[in-house]
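Heads up, the thing below is written out as C-alpha cells.
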Amino acid sequence: MLDLIIKNGTDVYGKSLEIGISEGEIVEVADKILQEATDTLVVEDGGIISPGWIDSHVHCYEKMTLYYDFPDEIGIKKGVTTVIDAGTSGEKNINDFYDLAKQAKTNVFALMNISSPGIVTQDELADLSNINEEKNLKRINELSDFIIGIKARMSRTVVGDNDVKPLKMAKALQQKVNHLPLMVHIGSAPPELSDILALLEKGDIVTHCYNGKLNGILDRDGNIKEFVWDAFYRGINFDIGHGTDSFNFEVGHTAIEDGLLCKTVSTDIYHRNREDGPVYDLATTLEKMLSIGIPLEKIIQMITENPAEIFHLEHKGKLAEGMDADITIFHVENGKKCLIDSNGNKVEIDQQIKPDYAIVAGKIYPVVA
C-alpha cells in the first residue's frame, strides 16, 4: 500500500497526472493510479502538479542582520519545496546556519560566500583578508551535503577598490572543489560586466541578469551587448535573482524577444522585499516571467529541472519514479493584478499563479495565503 496518492491533477501541458508516493519517494507516475494508499490528496479541478519548486537564490540565515529570512516563510508556506541560500553565510558561520536549516520543513541548501563572515556588511569583499581559501576548503569538505556551490558578489559597493580580484580568488577556489557551481552577483561598476563575464566558464551562474543598471546586459541603445551574447553561447547560466533592485521589465522583455533566455528564475528574497515588495514570493516572480513572454512550461522548468541540474540535486526537479517526493500543486486563475519591477515600473496581468500545496518528502503543507 502506498503512503500517499495525489489524484485528479494535470501536468503543466494539461495531461492527466497522478502520483504515488511511498517512504518519501515517488514510486509511480501515471494518468491513473489504481493502487490503494493510506492517504489521498485530491487536486481541485484545474490544479497542476509540478516537481517541487526550487528557488535557487534566497537569503534565509535568520541570525543575520542585513539580509535574512526564515526558510519556511519563503519555502513551504509559498509553495516552494527547496530553497538555496545564495551566500548569506561564510565559513565562519555556515555551521550555525546548517544547524538551523535542518530544523526547517523546507529543503535548505547553501552557496557559501567566499568572504568568511558572509554578508554582515554590504562590502564583504572590500577586504581581501576576509577570503581564506584554506578555511573555505575545509568548510566545503565538512558540509558537502549542505554546501552545493559558492557565491561571489561582484559590484562596486561590495568589492570596493578590488575590481575582479575576489572573482579570481573564487575561481581559484572553485578549481579545488571539483568545480562546484559558482554564482556571481552583478550590479554597478566597477567591476565592468565585460571583465566579470570574461572570467566565467560554462556552468557558472550570473544572477540579476535582467537588471536595469548601466552595467547590465543592454547597451545605451537597448541592444544586448556582444560580450553578453558570447557568454551566453559559452554556456554561462543566466539567473533572474529579482531582488529589491535587480529586475527590470523592459530589460527582461528585450532579452526574451531577442532570444537571451534565462536558465533559472529566482527571487533573491529576504524578509523586507517579501513583506514590502517588490518580490513578495516566487509565484509573483513567475507571474512577471509570464508578463515578459516566457511560456508557463518553460518557467516551471526554470524552477525545477534546470536548477536541479545546475546544482547537482540529482533526486529533485522531476516527476519520475525514484525521485524525492517533492511536489508543488498550483493553479492558474483569471484575474487582473498589478506587478511592479525593481525600478517602479508597472505591468498589469490578467492571469495569476496560485500555489496550493508544497509536498516535501511526501508530507503535505498547505500554502499560506
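The values are calculated or read from the model by the stated rules, or taken from the named source; none is laboratory data. All values reported here derive from a predicted model rather than from experimental measurement. Here the Cβ is made from the backbone with ideal geometry for all residues, glycine too, and neighbour counts use every protein chain on show. Remember, those area values only see protein heavy atoms, side chains included, never the ligands or the DNA or RNA. Shrake-Rupley method; radii C 1.70, N 1.55, O 1.52, S 1.80 Å.
Each residue of segment 203-208 is assigned a 3J(HN,Hα), and the resulting list reads x, 5, 10, 9, 9, 6 Hz, derived from the Karplus form 6.51 cos²θ - 1.76 cosθ + 1.60 (θ = phi - 60°), x at Gly and Pro.
Each of S129 and K15 was given a label point 7 Å from its Cα along the Cα-to-Cβ line. The distance between the two points is 6.0 nm. Counting only protein heavy atoms and a 1.4 Å probe, segment 1-133 has 40 square angstrom of accessible area per residue. Karplus-based coupling profile of segment 111-121, in residue order and whole Hz: 9, 7, 5, 5, 7, 3, x, x, 8, 8, 10, with θ = phi - 60° in 6.51 cos²θ - 1.76 cosθ + 1.60 and x standing for Gly or Pro. List the lysines whose Cα lies under 23 Å from the Cα of K63, skipping any in the same chain that are fewer than 8 positions away. Qualifying lysines at Cα under 23 Å: K77, K78, K92, K102, K105, K135, K138, K151.
What percent do you get for the relative contact order of the chain when only Cα pairs under 8 Å and 6+ apart count? Before the final figure, lay out the partial values.
Numbers: 906 pairs, mean separation 71.6, N = 369.
The value is 19 percent.
Between H253 and N343, full extension at 0.36 nm per residue minus the direct alpha carbon distance yields a gain of 31.0 nm. Protection proxy ranking of 45-55, 296-306, 155-165, by the mean of other Cβ atoms within 10 Å over each peptide's residues and highest first, is 45-55, 296-306, 155-165.
What does the highest-first list of 204-212, 12-20, 326-334 look like by mean Cβ count within 10 Å? Don't skip to the answer; put the middle values down first.
Working: 204-212: 26.4, 12-20: 17.0, 326-334: 20.4.
Ranking, from highest mean packing down: 204-212, 326-334, 12-20.
Amide H contacts of E62: D69, each under 5 Å away and 5 or more positions distant or on a separate chain (H built 1.01 Å from N in the peptide plane; Pro and chain starts excluded).
Taking a ≥ b ≥ c as the square roots of the eigenvalues of the Cα gyration tensor, an a/c ratio of 1.5 or more together with a/b no larger than b/c marks segment 58-311 as oblate. Solvent-accessible area of V251, all protein chains in place: 10 Å² (probe radius 1.4 Å, heavy atoms, ligands and nucleic acids excluded). Measuring nothing but protein heavy atoms, the accessible surface of the chain at 1.4 Å probe radius is 45 percent carbon and sulfur. Computed across segment 31-120, the Kirkwood hydrodynamic radius from all distinct Cα-Cα pairs reaches 14.7 Å.
Taking θ as phi - 60° and the Karplus parameters 6.51, -1.76 and 1.60, the scalar couplings of segment 348-359 work out to 9, 10, 10, 9, 10, 9, 10, x, 10, 9, 10, 10 Hz in sequence order, x denoting glycine and proline.
How high is the FRET efficiency between E44 and E321 when r is their beta carbon distance and R₀ equals 25 Å, given to the nearest 0.05? Calculated value: 0.50.
Suppose only helical runs count, i.e. DSSP H with n ≥ 4. What mean residue ellipticity at 222 nm does that imply for the chain under -39500 (n - 2.57) per run, divided by all residues and rounded to the nearest 500 deg cm²/dmol? Don't skip to the answer; put the middle values down first.
Numbers: 12 runs with 90 residues, N = 369.
Calculated at 222 nm, the ellipticity per residue is -6500 deg cm²/dmol.
Given segment 84-192, what whole percent of its Cα pairs are spread farther than 20 Å? More than 20 Å apart: 33 percent of the Cα pairs in segment 84-192.
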